[in-house]
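Let me begin by presenting the structure, written as structure tokens, before commenting on it.
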Amino acid sequence: MALKPIIYKFNISLSDMNRGHYDALNLTVAKHPSENDERMMSRLLAYCLNSQEYLDFGAGLSEVDDPAISVTTLDDQLALWIDMGEPAFERLKKATRKAEKVKVYSFNSKSDVWWEQGQSQFSQLNMDVYRFDWSEIQALSSMLERTMAMSVTISGNSAYIATAKGECEVYWEALQESA
């Protein structure tokens, strides 16, 4: 019997001081059976960091050729491709051919090794790569509830997240930014 995704509901009050973007997001997020809480919460944070019109979660882990998050324009052009974790060079190369802009958010304890091993190849690609602090992603994940309200305030290279279960701050480092 196939396992079904777990559905989460988020009501997010978003304040992105970097872009002057303020929004109230009501999101339904499906957590794939093979996805851990940290990956899902990293996806949610990446969504907040890129919040804009037409931003949508992809099919996720069940559809290997889809991005985790994307923006598709009204004329069916892929404007933004966002990947999570430590994707392979070939996947990212393909993504840069398909989308106007590509971003990767790495978040786990293997991020350093992945980056060191692939940096020379990744530098050939026109994409942005960011690394979330693993221990802070774990702290964010510890506050996860099936239905939750949260406040996300983005300033500089950090996001301050407040929920009913507590609060934390998640920092990220820009490993590579396209021109």
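The values are calculated or read from the model by the stated rules, or taken from the named source; none is laboratory data. Quick caveat: nothing in here was measured; it's all calculated off a predicted structure. Reconstructed Cβ throughout: ideal geometry from the backbone, glycine too, with neighbour counts over all protein chains shown. Only protein heavy atoms, including side chains, enter the accessible area calculation; ligands, DNA and RNA are left aside. Shrake-Rupley method; radii C 1.70, N 1.55, O 1.52, S 1.80 Å.
Of all residues in region 145-177, which are open to solvent by less than 80 Å² (accessible area, probe 1.4 Å), assigned to a loop (DSSP other than H, G, I, E, B) and touching a Ser or Thr at 6+ places or on another chain (Cβ under 9 Å)? Listed by number, the list holds a single entry, Glu145.
The single condition among (1) touching a Ser or Thr at 6+ places or on another chain (Cβ under 9 Å); (2) modelled with pLDDT of 95 or more; (3) among the small types (Gly, Ala, Ser); (4) closer than 22 Å to Ile12 by Cα that Gly58 does not satisfy is (2).
Taking the criterion of being of a type in the set (Ser, Thr, Tyr), touching a residue at least 12 places away in the same chain (Cβ under 8 Å) and surrounded by fewer than 13 Cβ atoms within 10 Å (Cβ to Cβ), the only residue of region 108-122 that qualifies is Ser109.
Going by the conditions given, is Leu125 in contact with a helix residue (DSSP H, G or I) (Cβ under 6 Å, 6 or more places away or on another chain), on the phi < 0 side of the Ramachandran plot and without any contact (Cβ under 8 Å) to a residue 40 or more places away in the chain?
On the way: in contact with a helix residue (DSSP H, G or I) (Cβ under 6 Å, 6 or more places away or on another chain): yes; on the phi < 0 side of the Ramachandran plot: yes; without any contact (Cβ under 8 Å) to a residue 40 or more places away in the chain: yes.
Spelling it out, Leu125 is indeed in contact with a helix residue (DSSP H, G or I) (Cβ under 6 Å, 6 or more places away or on another chain), on the phi < 0 side of the Ramachandran plot and without any contact (Cβ under 8 Å) to a residue 40 or more places away in the chain.
May I ask you to list the residues in region 52-71 that are farther than 26 Å from Glu116 by Cα, of a type in the set (A, V, I, L, M) and loosely packed, with under 14 Cβ neighbours inside 10 Å?
Step one: list which residues in region 52-71 are farther than 26 Å from Glu116 by Cα, which gives 52-59, 62-63, 70-71.
Subsequent filtering for residues that are of a type in the set (A, V, I, L, M) retains 55, 59, 71.
Ala59, the sole residue that qualifies.
Only one entry of Leu74, Leu78, Leu49 meets the criterion of being surrounded by 13 or more Cβ atoms within 10 Å (Cβ to Cβ) and either farther than 17 Å from Ala174 by Cα or over 15 Å from the mean Cα position of the chain (by Cα) (or both), and that entry is Leu78. Within region 24-46, being aliphatic (A, V, I, L, M) and open to solvent by 30 Å² or more (accessible area, probe 1.4 Å) holds for Ala24, Ala30. As a summary of the residue check, Ser15 satisfies the conditions (1) over 16 Å from the mean Cα position of the chain (by Cα); (2) within 16 Å of Ile154 (Cβ to Cβ); (3) part of a loop (DSSP other than H, G, I, E, B) except for the one numbered (3).
Any residue at all in region 3-19 that's among the acidic types (Asp, Glu) and open to solvent by 30 Å² or more (accessible area, probe 1.4 Å)?
Step one: of region 3-19, the residues among the acidic types (Asp, Glu) are 16.
Checking which are open to solvent by 30 Å² or more (accessible area, probe 1.4 Å) leaves us with none.
Checking region 3-19: not a single residue is among the acidic types (Asp, Glu) and open to solvent by 30 Å² or more (accessible area, probe 1.4 Å).
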